[in-house]
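Below is one structure, written out as structure tokens; comments come after it.
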Amino acid sequence: MILYVGATGKLGSVAVRELAQRGKKIRCLVRSGSDVSGLAATGAEMVRGDLRDQASVKQALEGIDTVISSFATNIAKERSTATLWANDYEGNLALIRLSKKAGVRKFVFVSYWGLAKFGDFEHGKIKKMVEDLLTVSGLDYTVFRVTTLATDMSELLGSTLLRKGRVPLLMKPHEKIRPILLEDLAWCMADAIDNPKACRRIIEAAGEEEYDFRSLEQLFCRAMGKKARFIFVPLPLASFAASCIDFATGNRYNARGILSAFTGGSTCDISDMKSIFDVRQGSFARYLEDFFKEARGQADKHA
């Protein structure tokens, strides 16, 4: 049986569906009050609890062979670094430790690509420390270092472009990005459970299609069917603003760290991923067309 932590997130809900389609038995550890109607439709078992509540974690781990953790605090809603450490580090630390005690065989963890460039980013530090804990835990593990999710690109950029026709970016025009579809990442996560090539591996995960931000701007224009503009914010100006925020708040929100995470592009070599997983990746360009088609349909409904 598989315990999934983070199942109510966008990636989690897709991954649970993928596991169910493969005939896997799934248990989800979900917080009290979370909407689990979509998860319940897959046949997954629900355990209400919290990673910081050891009793609920122990209950959730009974009879579990594999743990998958894609849980992450939403830094757009919860900006306090202290909360990030309490939730994402302490929570995953307890989950790894209790998994080992419960006799879990496999642990799949979703991390960030490019941790080396996230020196000041608290969430990046946390992800790296959890990776390190897994490598010495004695558990079989697979870590996915993910670049950018296609849903993040469409929702963060696409929604603003639809409303305003322009969006500010901290990237440079020549920097590159490889968005990965949720379905493709979920397929690899499910496959890693019994794939010997994925044993004790840290794998960089990204989409098949790579774009620089000028070509990405053109892609958004084509998908929207109208002109859209990326406004490239000068990095010195953004750095100055982030430094002011950190100074005024005592680094409570780690603004400079967040800035480091949203600059420098988001791409990687996917040759290892392709050699380990026999997945046919979908097209981000086609996904984007479908996203805007659906968005226009929703707008017409409410017009």
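Remarks
- Hey, D140 more than 20 Å from the chain's Cα centre (by Cα), open to solvent by less than 60 Å² (accessible area, probe 1.4 Å) and not hydrophobic (A, V, I, L, M, F, W, C) or not: yes
- Hits in the range 186-244 (condition: of a type in the set (K, R), within 30 Å of A7 (Cα to Cα) and not in a loop (DSSP other than H, G, I, E, B)): K197, R201
- The strands (runs of 3 or more DSSP E) found wholly in the range 1-55 include none carrying at least 2 residues that are β-branched (V, I, T) and open to solvent by 60 Å² or more (accessible area, probe 1.4 Å).
- Residue pairs whose Cβ atoms lie under 9 Å apart, sitting 6 or more positions apart in sequence or on different chains, and linking a residue in the range 187-205 that is among the polar types (S, T, N, Q) to a partner that is not in a helix (DSSP H, G or I), are N195/T142; N195/F277.
- Residue check for E208: touching a Lys or Arg at 6+ places or on another chain (Cβ under 9 Å) and without any contact (Cβ under 8 Å) to a residue 60 or more places away in the chain: no
- Test: residue in the range 168-184 that is free of Cβ contacts under 8 Å to residues at least 24 places away in the same chain and part of a loop (DSSP other than H, G, I, E, B): no
- Just one of the numbered conditions (1) surrounded by fewer than 22 Cβ atoms within 10 Å (Cβ to Cβ); (2) out of contact with any helix residue (DSSP H, G or I) (no Cβ under 6 Å at 6 or more places or on another chain) is not true of K128: (2).
- Of all residues in the range 246-271, exactly one satisfies the criterion of being outside any loop (DSSP other than H, G, I, E, B), open to solvent by 80 Å² or more (accessible area, probe 1.4 Å) and modelled with pLDDT of 75 or more, namely A248.
- Checking G63 against (1) open to solvent by 20 Å² or more (accessible area, probe 1.4 Å); (2) modelled with pLDDT under 85; (3) of a type outside the set (F, W, Y), the condition it does not meet: (2)
- Exactly one residue out of I231, I202, I180, I193 is modelled with pLDDT of 90 or more, of a type outside the set (K, R) and more than 27 Å from A15 (Cβ to Cβ): that is I231.
- Test: residue in the range 77-97 that is within 17 Å of T8 (Cβ to Cβ), at pLDDT below 95 and surrounded by fewer than 16 Cβ atoms within 10 Å (Cβ to Cβ): yes
The values are calculated or read from the model by the stated rules, or taken from the named source; none is laboratory data. In this text, all values refer to a predicted model and were calculated from it rather than measured experimentally. We place every Cβ from the backbone using ideal geometry, glycine too, and count neighbours over all the protein chains shown. Protein only, heavy atoms only, side chains kept; ligands, DNA and RNA dropped before computing areas. Shrake-Rupley method; radii C 1.70, N 1.55, O 1.52, S 1.80 Å.
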